[in-house]
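*Asks:* Below are the structure tokens for one structure; questions will follow.
The values are calculated or read from the model by the stated rules, or taken from the named source; none is laboratory data. Owing to the predicted nature of the structure, the values given are computational and were not obtained by experimental measurement. Neighbour counts are summed over all protein chains in view; Cβ atoms, including those assigned to glycine, are modelled from backbone coordinates with ideal geometry.
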Ligand SMILES: Nc1ncnc2c1ncn2[C@@H]1O[C@H](COP(=O)(O)OP(=O)(O)O)[C@@H](O)[C@H]1O
Ligand SMILES: [Mg+2]
């Protein structure tokens with residue numbers, strides 16, 4: 001599947017790919033406007049089951065906003081977000097999980113953070129303890145299980161937040177710049193978790209500023225600029241031969257200024 | 001000045017003699033105040049958490065009412081509770097006037113708005129941080145309230161302390177509904193007021209010393225707990 005996507009480097013849009021996987025999440029004419037400012041305009045996306053999509057773009061482009069809309073944390077002012085063809089609602093959101101840029105951890109131990117999330121998802125007793133143990137091991141945090149989560153290092157906190165999201169067994173995982181403030185080792189650990197999750201069938205949508213990370217993790221790449229899709233296509237193609245001026249500016253390390 | 005030191009010396013003597021009358025008054029004070037604070041927390045914590053974590057019609061009104069009630073003059077509360085409990089009042093048949101229960105009711109009315117309003121602020125701040133994560137995880141309303149209250153536990157200790165401070169120092173309301181009856185409804189503050197007016201300064205001052213000591217001890221306890229919580233990043 002991965003190769004199928006990458007072999008069609010010149011294809012201009014994801015929806016045009018000869019991909020037979022189920023469309024898990026779709027946005028149609030999605031937009032968000034506040035006080036007359038169009039923060040996001042006309043976003044049409046199809047996210048297929050098992051895919052890895054990377055969203056790039058300068059600060060303020062609307063990347064976080066797009067994630068929050070797709071996750072149903074806020075409601076769009078224009079267009080729709082469809083989850084398996086139906087309007088996204090509270091029940092559908094239980095099939096999704098999100099890792100925020102700054103991990104939001106409860107004022108409890110690492111273990112209790114996992115216990116809480118799993119409890120919310122209705123896991124109890126022995127099964128829950130098993131899942132907690134598995135998550136702690138995956139994050140390499142078994143020895144820190146009883147530490148207060150908020151005294152853990154930045155990398156440990158983000159790993160905990162990531163395995164907490166994964167412990168909820170989502171179909172899709174949104175990650176908003178999960179490694180933005182982490183060192184290379186912690187970044188590699190998070191990327192490892194993401195790739196393992198994807199290998200287990202979890203669909204990934206990741207926001208990053210790191211072109212290296214985008215090429216390591218991304219199959220499809222969406223380049224956002226001023227709330228609009230400037231470019232969309234297979235990640236390695238967009239990164240290597242960007243078609244749009246904003247994406248070219250990113251590759252060349254320049255600031256893109258619209259005239 | 002000489003007489004002040006004499007009075008103070010006799011007062012301290014009384015304290016350390018563990019005078020039974022004195023101990024009875026202190027005991028009743030603690031019983032009434034702790035009961036009132038406990039009930040106020042039972043009502044005020046969830047009420048404040050709901051006001052702090054949910055948007056609903058009337059939320060702003062609730063905040064305004066809570067904040068206004070925070071500054072209620074104790075004598076007015078005493079008067080209202082008196083009217084409710086007096087023989088001709090709606091709760092008259094219960095026969096609660098001039099009992100410790102009446103004093104607990106009056107103090108609860110005084111303290112609950114304080115606890116609720118302060119809890120709302122604490123929870124609102126925490127919710128700023130947790131809100132989207134909770135929505136993302138799909139945390140239901142009841143779990144939200146419970147989790148917010150639990151994670152705010154050390155701040156809520158300080159909130160309860162503020163309620164305790166208000167209740168234990170209160171005199172106007174409890175004297176109206178309790179009547180300051182010897183061996184029945186006499187608490188530290190009302191006794192201080194009475195004994196001072198009778199010129200019995202030793203007893204009044206002895207109670208004042210104990211009241212101060214209790215205030216110090218409770219504050220020290222709460223601050224110590226909080227400090228250890230801060231070290232664990234739990235506060
Ligand atoms: N709920 C909101 N209300 C108003 N403005 C918002 C809201 N969320 C985001 N914005 C604005 O939308 C723009 C895009 O924000 P964001 O999606 O966070 O950008 P980024 O691409 O850096 O993640 C910014 O100008 C931000 O200030
Ligand atoms: Mg962002």
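*Asks:* Among the residues of region A:122-143, how many are assigned to a helix (DSSP H, G or I) and surrounded by 20 or more Cβ atoms within 10 Å (Cβ to Cβ)? Write out each step before concluding.
*Replies:* In the first step, residues of region A:122-143 are kept if they are assigned to a helix (DSSP H, G or I); the result is A:125-139, A:142-143.
Retained after the next criterion (residues that are surrounded by 20 or more Cβ atoms within 10 Å (Cβ to Cβ)): A:131-132, A:135-136, A:139.
Of the residues in that region, 5 qualify.
*Asks:* Return only the number of the condition from (1) within 16 Å of ligand 2 (Cβ to nearest atom); (2) in a loop (DSSP other than H, G, I, E, B); (3) within 14 Å of another protein chain (Cβ to nearest Cβ) that residue A:174 does not satisfy.
*Replies:* (2)
*Asks:* Given the criteria within 14 Å of chain B (Cβ to nearest Cβ), farther than 28 Å from residue A:154 by Cβ and away from ligand 2 (no atom under 16 Å from the Cβ), does residue A:122 qualify?
*Replies:* On the way: within 14 Å of chain B (Cβ to nearest Cβ): yes; farther than 28 Å from residue A:154 by Cβ: yes; away from ligand 2 (no atom under 16 Å from the Cβ): yes.
For residue A:122, the condition - within 14 Å of chain B (Cβ to nearest Cβ), farther than 28 Å from residue A:154 by Cβ and away from ligand 2 (no atom under 16 Å from the Cβ) - is met.
*Asks:* Now, a different point. How many residues are away from every other protein chain (no Cβ under 13 Å) and either touching a strand residue (DSSP E or B) at 6+ places or on another chain (Cβ under 9 Å) or surrounded by fewer than 22 Cβ atoms within 10 Å (Cβ to Cβ) (or both) when one looks only at region B:119-144?
*Replies:* Selection size over region B:119-144: 2.
*Asks:* Considering A:170, A:242, which residue is buried (at least 19 other Cβ atoms within 10 Å of the Cβ) and modelled with pLDDT under 95?
*Replies:* A:242
*Asks:* Just checking, does region A:224-237 include any residue being under 16 Å from the mean Cα position of the chain (by Cα), in the same structural domain as residue A:66 (by TED's automatic domain parsing) and closer than 22 Å to residue A:100 by Cβ?
*Replies:* Yes - at least one qualifying residue is present in region A:224-237.
*Asks:* If we only count strands (runs of 3 or more DSSP E) wholly inside region A:1-109, which ones have 2 or more residues that are modelled with pLDDT under 95 and over 28 Å from residue B:129 (Cβ atoms)?
*Replies:* Fully inside region A:1-109 and qualifying: nothing.
*Asks:* Could you go through region A:203-216 and let me know if any residue there is assigned to a helix (DSSP H, G or I), away from chain B (no Cβ under 14 Å), in contact (Cβ under 8 Å) with a residue 12 or more places away in the chain and within 16 Å of ligand 2 (Cβ to nearest atom).
*Replies:* Within region A:203-216 (the criterion being assigned to a helix (DSSP H, G or I), away from chain B (no Cβ under 14 Å), in contact (Cβ under 8 Å) with a residue 12 or more places away in the chain and within 16 Å of ligand 2 (Cβ to nearest atom)), the answer is yes, since at least one residue qualifies.
*Asks:* Another question, if that's okay. Within region A:52-60, is there a residue that is within 14 Å of chain B (Cβ to nearest Cβ), within 16 Å of ligand 2 (Cβ to nearest atom), within 19 Å of the chain's Cα centre (by Cα) and surrounded by fewer than 17 Cβ atoms within 10 Å (Cβ to Cβ)?
*Replies:* Within region A:52-60 (the criterion being within 14 Å of chain B (Cβ to nearest Cβ), within 16 Å of ligand 2 (Cβ to nearest atom), within 19 Å of the chain's Cα centre (by Cα) and surrounded by fewer than 17 Cβ atoms within 10 Å (Cβ to Cβ)), the answer is no, since none of the residues qualifies.
*Asks:* Also: Could you check region B:190-228 and list, in sequence order, the residues that are under 22 Å from the mean Cα position of the chain (by Cα), touching a residue at least 40 places away in the same chain (Cβ under 8 Å) and more than 15 Å from residue B:23 (Cα to Cα)?
*Replies:* If the condition is that a residue be under 22 Å from the mean Cα position of the chain (by Cα), touching a residue at least 40 places away in the same chain (Cβ under 8 Å) and more than 15 Å from residue B:23 (Cα to Cα), then B:215, B:218, B:219, B:222, B:225, B:226 are the ones that fit.
Quick grid of which residues meet (1) modelled with pLDDT under 95; (2) under 25 Å from the mean Cα position of the chain (by Cα); (3) surrounded by 14 or more Cβ atoms within 10 Å (Cβ to Cβ); (4) within 22 Å of residue B:153 (Cβ to Cβ):
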site	(1), (2), (3), (4)
B:27	no, yes, no, no
B:35	no, yes, yes, yes
B:48	no, yes, yes, yes
B:68	yes, yes, no, no
B:85	no, yes, yes, no
B:99	no, yes, yes, no
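*Asks:* Tell me which of these residue A:119 doesn't satisfy, since it passes every other one: (1) surrounded by 22 or more Cβ atoms within 10 Å (Cβ to Cβ); (2) in a helix (DSSP H, G or I).
*Replies:* (1)
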